[in-house]
1. Among (1) more than 28 Å from HIS25 (Cβ to Cβ); (2) open to solvent by 10 Å² or more (accessible area, probe 1.4 Å); (3) away from the ligand (no atom under 16 Å from the Cβ); (4) touching a helix residue (DSSP H, G or I) at 6+ places or on another chain (Cβ under 8 Å), there is one condition LYS258 misses while meeting the rest; what is its number?
2. Does any residue in the stretch 202-230 that is closer than 26 Å to LEU274 by Cα and within 15 Å of the ligand (Cβ to nearest atom) come within less than 9 Å, Cβ to Cβ, of a residue that is among the aromatic types (Phe, Trp, Tyr) and part of a loop (DSSP other than H, G, I, E, B) six or more places away or on a different chain, and which pairs are these?
3. Out of all the residues in the stretch 244-269, which are at pLDDT 95 or above and small (Gly, Ala, Ser)?
4. Looking for whichever is in contact (Cβ under 8 Å) with a residue 60 or more places away in the chain, surrounded by fewer than 17 Cβ atoms within 10 Å (Cβ to Cβ) and among the charged types (D, E, K, R) here; the options are GLU393, GLU351. Which one fits?
5. Is it the case that the stretch 73-80 has a residue that's in contact (Cβ under 8 Å) with a residue 24 or more places away in the chain and away from the ligand (no atom under 16 Å from the Cβ)?
6. Which is away from the ligand (no atom under 11 Å from the Cβ) and modelled with pLDDT under 90, of GLU161, GLU111?
7. Looking at LEU410, LEU414, LEU369, which one is surrounded by 12 or more Cβ atoms within 10 Å (Cβ to Cβ) and more than 16 Å from the ligand (Cβ to nearest atom)?
Amino acid sequence: MKNAPVKNVFTRFAGLSITELAAKHGTPVFLYDQEIIEKRVSELQQFDAIRYAQKACSNLAILALMKKLGVVVDAVSAGEVFRAMKAGFKPEGEPPGILFTADLFDADAVEIIRTHRIPVNVGSPDMITQLGKFCPGALVTLRLNPGFGHGHSRKTNTGGEWSKHGIWHAQLEECLRLGREAGVKIHGLHMHIGSGTDFEHLSEVCDAMVSAARRGGPQIDVISAGGGLPIPYHKEEPRIDVGAYFHLWDKARKQIEKDLGHAVRLEVEPGRYLVAESSALVTQIRSIKKTGDNLFYLVDAGFDTLVRPAMYGSYHDISICPADGREISNSQEVVVAGPLCESGDVFTQEEGGVVVTRLLPEAQVGDYLVLHDTGAYGAAMSSNYNTRKLAKEVLISNGSDEVIRERQSLEHILQFERIPARFL
Ligand code: LLP
């Protein structure tokens, strides 16, 4: 009797053969499916502005695609403002093409904001006074911490007393006064309470926004729901009901319009939702070894390539793509780990660094292992730890693949390091 095909065998991505893509581009490689990004953007069209939180994936090609789709952008550093401008975004306009969000200005940020008059979503009262000095008349929104938060892990919860983010809700009036004194135009309110928002908390946030807008008064003409829209990393999880999410915020916006007597723009600021599912990280199994009772698949991507499992215990679906196209009929419990010289370099782990096994198809050295939903905070959070090159990124649309970031070279990694002459 023939065994039923095992689950988690995955051979094609965006219509193309993974083995062919891996042979052509090498591994590890982040593949992106343009169609998925387009679909996610279209799902949020009800909002007046979709402001992409580019920290999730700031590759220039992805930014340029967002621009083509009519999306505006959030930038959290001078570097992200620079990228946005390189991708064709302009800071001016209604809504502004670029918005800078941070809790402080570093020297680079001061320079780029002053030069290009970038509107700012301020996260601390000090920023208002400082901005008034280096960019008089600047357009400002206030990022408020409503006093509570929610996140998929403690590291992504962005509200409450222990969060470093935003302006404490009780200081709203003080900030309005600081704004008048500094000569900047405070015209909007923003709340991002954490990544992984669920609906229980959402109506609380919406209520907090309505009461803050009342306190803000007629000068408020834009509110932002922030980001945090979740995606189903576990395939059995339900998708967020985007219609219901919009409806809650729209209700809050309408209440605010009624209270203030004028139109109010409603923005949303997702990162993960727009890009997470668009990408898979393809890596090759280079060794399979048994350690006591555990079987390890050792792959050529590590937490330098994808840090989410090591940093947050995040779950990513994993599949196997057999390199020789054979049919796999058995699965086994395995640990998936990378090449770094650090025991935490494991993709199958839970929060707190607990290593767990995953039921995966029987693989051979040379097969490819696919980590799914890596488009958000994948390439964007990768590093050169262990002096490993940043992975290649490839965008696929209509059956053709284009390199959107070349694999880094070792020369490139070392280019800014200097050996003092006395050591030579
Ligand atoms: N807006 C603000 C002000 C934010 O701080 C963030 C995320 C977003 C929007 C976008 O959140 P998203 O829609 O992508 O959940 N590295 C973590 C996530 C950190 C999020 C930081 N701020 C991860 O890999 O899950």
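1. Against the list (1) more than 28 Å from HIS25 (Cβ to Cβ); (2) open to solvent by 10 Å² or more (accessible area, probe 1.4 Å); (3) away from the ligand (no atom under 16 Å from the Cβ); (4) touching a helix residue (DSSP H, G or I) at 6+ places or on another chain (Cβ under 8 Å), LYS258 comes up short only on (4).
2. Hits for this filter: VAL205/PHE148; ALA225/PHE47.
3. The answer is ALA252, GLY261, ALA263.
4. Values: GLU393 fails: surrounded by fewer than 17 Cβ atoms within 10 Å (Cβ to Cβ).
Answer to the selection: GLU351.
5. Taking every residue of the stretch 73-80 in turn, at least one turns out to be in contact (Cβ under 8 Å) with a residue 24 or more places away in the chain and away from the ligand (no atom under 16 Å from the Cβ).
6. Of GLU161, GLU111, the one residue that is away from the ligand (no atom under 11 Å from the Cβ) and modelled with pLDDT under 90 is GLU161.
7. Values: LEU410 fails: surrounded by 12 or more Cβ atoms within 10 Å (Cβ to Cβ); LEU414 fails: surrounded by 12 or more Cβ atoms within 10 Å (Cβ to Cβ).
Step by step, each of LEU410, LEU414, LEU369 is checked, and only LEU369 is surrounded by 12 or more Cβ atoms within 10 Å (Cβ to Cβ) and more than 16 Å from the ligand (Cβ to nearest atom).
The values are calculated or read from the model by the stated rules, or taken from the named source; none is laboratory data. Small disclaimer: the values here were computed from a predicted structure and weren't measured. Note: ideal-geometry Cβ built from the backbone for every residue, glycine included; neighbour counts use all protein chains shown. Calculation scope for accessible area: heavy atoms of the full protein, side chains included, ligands and nucleic acids excluded. Shrake-Rupley method; radii C 1.70, N 1.55, O 1.52, S 1.80 Å.
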